[in-house]
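**Q** First the structure, which I've put down as structure tokens, then a few questions once you've had a look.
Computed from the coordinates by the stated procedures, all read-outs in this text should not be read as laboratory data. Fair warning: this is a prediction, and the values are worked out from it, not measured in the lab. Cβ sites come from the backbone with ideal geometry, for glycine too, and all protein chains shown count toward neighbours.
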Amino acid sequence: MRNTLAFDGPVILGAGLAGLTAALSATTGAAKTALVLSPTPLASGCSSAWAQGGMAAALSGDDTPELHAADTIAAGAGLCDPEAVDLLTREGPQAVRDLAALGAPFDRKADDGFVLSLEAAHSAARVARVGGDGAGAAIMAAVIAAVRATPTIEVRENARARRLLQDATGRVVGVLADVDGALVEIRSPSVILATGGVGGLYAVTTTPAQVRGEGLGLAALAGAMIADPEFVQFHPTAIDIGRDPAPLATEALRGEGAILRNADGRAFMVDYHPSKELAPRDVVARALHAERTAGRGAFLDATQAVGAHFPHEFPAVFEACMSAGIDPRRQMIPVTPAVHYHMGGVATDLDGRASLPGLYAAGECASTGVQGANRLASNSLLEAAVFGARAGRAAAAEGATGGPPVSLEPLPDLPDAALQTLRQAMSRDAGVLREAAGLARLLTQVEALEAAYGSCPTVVAARLIVDGALARRESRGGHFRSDFPATGEAVRTFVTLESAGALRRRAA
């Protein structure tokens, strides 16, 4: 007999910053419980804990939310929702202060103000950091401690969603989860997806391997509206030492003055953009891709900008480099573009509501309209905190529980060997540069995986990216079509799983 559980508050899938912030918000001042399901132990397996740069917010006297909003919209290349951006940048400073009050040890000045760094495409220094490059881990430690101390939040580790439960009307009424190897039917008035992005669908990524689009696929298979799936951001400076996932050389290094050079030592960004190292991420990623493809290589030279200060200013980068026999105080760091963030996701309103009643999404797996076609550096943790809190409050207010679920069968899993094949194909054909022939080849491989293994959420997530990339016959932000290099009309993509293929076929 299958185990069943019932909760009067939300069930939250994912335990990154968005998920845990949602849990704290859902149980603040409410006589309700929240259940967090995490496939791995807390503080592991989520991108939030790996974030290096910090949180961007207007925290200084010479900065304003309006300036932060303008930079976010400029980076978003015409696809940002101005209302969502305005909300993010207005609520952002308080979100940082709230995390500091929870115990997140942001770097401080003598007057207790925040130490703020400049990152690419920001017009002011506004990135609050922890220990140079340890923001994600330190913020998560503080939030996890707060969650552990909240008796109305239950956390189940080693728990993975196998399908969203829906009643006959399509309302989401819970989740079928694998908890410690046993299937459990969990009923609740609301479910919050906080499952992260799609990096694990690619062969070269800076995100945890477990983050592979499962939340996106679960939502699409339930019939939810998906927004902008084709927009994948490639961080230009993953450390190229043959590891999976690839360690990250934070953008803050370039903010401190580190230079991108080829194997001959030439600083090459002058050839690609007037802002050079501080150009938008998509521009820098394509520049590195071009240098590497031409056989010139790509390296980050921080020997002068950071030098002897590396061990205490950027300890995570220093440790990763030293473990591979590279001393960044004296040597250039080999770098490569790697999947870092997904701008697309489950379409939501400003309170995290998805198109299906009872379903919410927050963090990277959601598409609030904040990130547009290209996320501004260090806006991801901020979005997770701001919109995670809003989703938690809204989901906790759900009163209806819906009817009995119409299906209790788990969705199929993609075997690891097939996943590795998919990852190689995604990096090859849906990477920094895309074109019709490669995307069509990739679509054929995705369809073959679907035929062989069924509607696995990971394969569905990949299909959405491919369908969106084929349908968007222009280049914009993180999506660059070498066969359609011009930028066309600024129109966001909104599709269901059923309509995505039709959109792609109409564009062909």
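**Q** According to the Cα gyration tensor, what semi-axes, each the square root of 5 times an eigenvalue, does the equivalent ellipsoid of the range 426-499 have, listed from largest to smallest in whole Å? Don't skip to the end; give the middle numbers.
**A** Details: eigenvalues 102, 41, 15 Å².
Those come to 23, 14, 9 Å.
**Q** Based on DSSP, what percent of beta bridges with both residues in the chain are antiparallel, to the nearest 5? Walk me through the intermediate numbers first.
**A** Details: 38 of 60 bridges.
Counting DSSP beta bridges with both partners in the chain, the antiparallel share is about 65 percent.
**Q** Could I ask something else about it? Using only C-alpha atoms and all pairs of different ones, pull out the Kirkwood radius for the range 1-90 in Å with one decimal. Mind dumping the intermediate values first?
**A** Numbers: mean 1/r = 0.0619 Å⁻¹.
About 16.2 Å, per the Kirkwood formula over Cα pairs.
**Q** What list of ³J(HN,Hα) couplings, whole Hz, do you get for the range 404-415 from phi and the Karplus terms 6.51, -1.76, 1.60, once you set θ to phi - 60° and write x for glycine and proline?
**A** Values per residue, Gly and Pro as x: x, x, 8, 9, 10, 8, x, 6, x, 9, 8, x Hz.
**Q** Further question: List the GluC sites (Glu not before Pro) within the range 434-489 that DSSP assigns to loop and that have no more than 11 neighbouring Cβ atoms inside 10 Å.
**A** Details: sites: Glu435, Glu447, Glu450, Glu474, Glu489; in loops: Glu435, Glu474, Glu489.
Qualifying residues, ordered by number: Glu489.
**Q** Order by neighbour count: Asp429, Asp327, fewest other Cβ atoms within 10 Å first, most last.
**A** Details: Asp429 20, Asp327 12.
By the 10 Å Cβ count, ascending: Asp327, Asp429.
**Q** What percent do you get for the relative contact order of the chain when only Cα pairs under 8 Å and 6+ apart count? Please list the in-between numbers first.
**A** Working: 1283 pairs, mean separation 113.7, N = 508.
That works out to 22 percent.
**Q** Here's something else I'd like to know. Return an integer: the convex hull volume of the alpha-carbon atoms of the range 235-339, in Å³ per residue. It would help to have the intermediate numbers written out before the result.
**A** Numbers: hull volume 9.5 nm³, N = 105.
Per residue, the Cα convex hull of the range 235-339 comes to 90 Å³.
**Q** Rg and Dmax in Å for the range 363-415, alpha carbons only: what are they?
**A** In Å, with Rg to one decimal and Dmax whole: 16.3, 43.
**Q** With the Cα gyration tensor of the range 22-65 in hand, convert its eigenvalues to equivalent ellipsoid semi-axes via √(5λ) and list them largest first in whole Å. Can you show the working numbers first?
**A** Numbers: eigenvalues 165, 83, 6 Å².
So the equivalent ellipsoid measures 29, 20, 5 Å along its semi-axes.
**Q** Identify the trypsin sites (Lys or Arg not before Pro) of the range 103-163 meeting these criteria: DSSP loop state and at most 16 other C-beta atoms within 10 Å of the C-beta.
**A** On the way: sites: Arg108, Lys109, Arg126, Arg129, Arg148, Arg156, Arg160, Arg162, Arg163; in loops: Lys109, Arg126, Arg129.
Listed in order of number, the matching sites are Lys109.
**Q** Along the charge dipole of the range 235-339, which of Ile326, Val284, Asn262 sits closest to the positive end, that is, farthest toward it, with unit charges on the beta carbon of Lys, Arg, Asp and Glu (+1, +1, -1, -1)?
**A** Asn262
**Q** Compare the peptides 268-280, 451-463, 284-296, 373-385 by average per-residue count of other Cβ atoms within 10 angstrom and give them in order, highest first. Walk me through the numbers before you get to the answer.
**A** Working: 268-280: 16.9, 451-463: 20.8, 284-296: 19.2, 373-385: 27.9.
So the peptides 268-280, 451-463, 284-296, 373-385, ranked by packing, come out 373-385, 451-463, 284-296, 268-280.
**Q** Given Cβ point charges of +1 (Lys, Arg) and -1 (Asp, Glu) and nothing else, what value in debye, to the nearest 20, does the dipole of the range 215-295 about its Cα centre take? Write out the running numbers ahead of the final one.
**A** Values: 8 positive and 11 negative charges, 29 e Å.
Result for the range 215-295 is approximately 140 debye, rounded to the nearest 20.
**Q** So for the chain, what percent of the C-alpha to C-alpha distances run longer than 36 Å?
**A** Pairs farther apart than 36 Å: 25 percent.
**Q** In what order do Asp467, Asp81 fall by count of nearby beta-carbon atoms within 10 Å, going from fewest to most?
**A** Numbers: Asp467 27, Asp81 20.
Result, fewest neighbours first: Asp81, Asp467.
**Q** With contacts defined as alpha carbon pairs under 8 Å and 6 or more residues apart, what's the relative contact order of the range 406-507 in percent?
**A** Taking the mean separation of contacting Cα pairs over the length of the range 406-507, I get 28 percent.
**Q** What ranking of Leu253, Leu419, Leu216 emerges when the number of other C-beta atoms within 10 Å of each C-beta is taken as an exposure proxy, fewest first? Could you put the intermediate results ahead of the total?
**A** Details: Leu253 30, Leu419 21, Leu216 34.
Arranged by neighbour count, lowest to highest, Leu253, Leu419, Leu216 become Leu419, Leu253, Leu216.
**Q** While we're looking at this one, here's another question. Taking only DSSP H segments of four or more residues, each worth -39500 (n - 2.57), what value at 222 nm results for the chain once the sum is divided by all its residues, to the nearest 500 deg cm²/dmol?
**A** Details: 14 runs with 170 residues, N = 508.
Computed mean residue ellipticity for the chain: -10500 deg cm²/dmol.
**Q** A further question on this structure: Rounded, prolate or oblate: pick one for the range 110-216, where a ≥ b ≥ c are the square roots of the eigenvalues of its C-alpha gyration tensor, a/c under 1.5 means rounded, and failing that, prolate if a/b is larger than b/c, else oblate. Write out the running numbers ahead of the final one.
**A** Numbers: a/c = 2.36, a/b = 1.80, b/c = 1.31.
Taking the square roots of the gyration eigenvalues as a ≥ b ≥ c, the range 110-216 is prolate.
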